Amino acid sequence: MKKIKASSELKETNEINYSPTNAHDFNKNTAWIEGNSDYGIGEFIEYSFKFVAIEGYKGELDITQILLVNAYKKNQKIWQNNSRVKQLKIYINDQVYTVINLIDSYEIQTIEIGEISFPSKETTKIKFKITEVYKVAKFTDTAISLLMFNGIGAH
């Protein structure tokens, strides 16, 4: 992976940041929280990949699954108080690829997305745009604690 960015992020509070890199840090106690004041509809997180072939390696980089922990999973109460993603529109290099629907669950979700292959020495961008949320009364923040990938050469 080359870079992770987002359309917005919640301002840091008490030295806790809500950066988009938190969604890919293998830590359920951190999260990317969008910075929009209205549930984050239209906000996105984007991953840029640049696969450089290793000499003698005949394979390629593929993604076949997304692993997602919805909302801020630091603990059950925080999870319940933050809005959660209901639907994401996925773009590959700014072209719509698919739409995925998420369940309102505290558990990790594994989503099959077909096979996305990355050409060697080219940058490929995967964008996840929030299109619907499970709204809660406490906070209008929408969060993703974990957004990882399964496939060949991916995590």
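Brief remarks follow.
- Candidates Ser83, Leu102, Gln65 compared by Cα position along the dipole of segment 46-155: farthest toward the positive end lies Ser83, with charges placed on Cβ.
- Charged-residue dipole, Cβ positions (Lys, Arg, Asp, Glu), the chain about Cα centre, Debye nearest 20: 200 debye
- Residues whose amide H lies under 5 Å from that of Val85, counting only those 5 or more places away or on a different chain, are Ala71, Tyr134, Ala143; hydrogens are built 1.01 Å from N in the peptide plane.
- The chain: relative contact order in percent, alpha carbon pairs under 8 Å with at least 6 residues between: 35 percent
- Shape metrics for segment 95-155, restricted to C-alpha atoms - Rg then Dmax, Å: 14.4, 46
- Calculated translational diffusion coefficient of segment 3-152 (4 °C, 1.567 mPa s; Stokes-Einstein with Kirkwood radius over alpha-carbon pairs) equals 82 µm²/s.
- Segment Ile41-Thr64, length gained on full extension (0.36 nm per residue, minus Cα span): 5.7 nm
- Considering only the chain, percent of DSSP beta bridges that pair antiparallel, nearest 5: 95 percent
- Cut-off under 5 Å, modelled amide H: who pairs with Tyr97 long-range: Ile90, Tyr91, Ile92
- By the helix-only formula, in which each DSSP H run with n ≥ 4 contributes -39500 (n - 2.57) and the sum is divided by residues, the chain has a 222 nm mean residue ellipticity of -1000 deg cm²/dmol.
Quick note: the coordinates plus some simple rules give every number you see, no bench work behind them. Please read these numbers as outputs of a predicted model, since none were measured by experiment. All Cβ positions, even for glycine, are placed from backbone atoms using ideal geometry, and neighbour counts span all protein chains on display.
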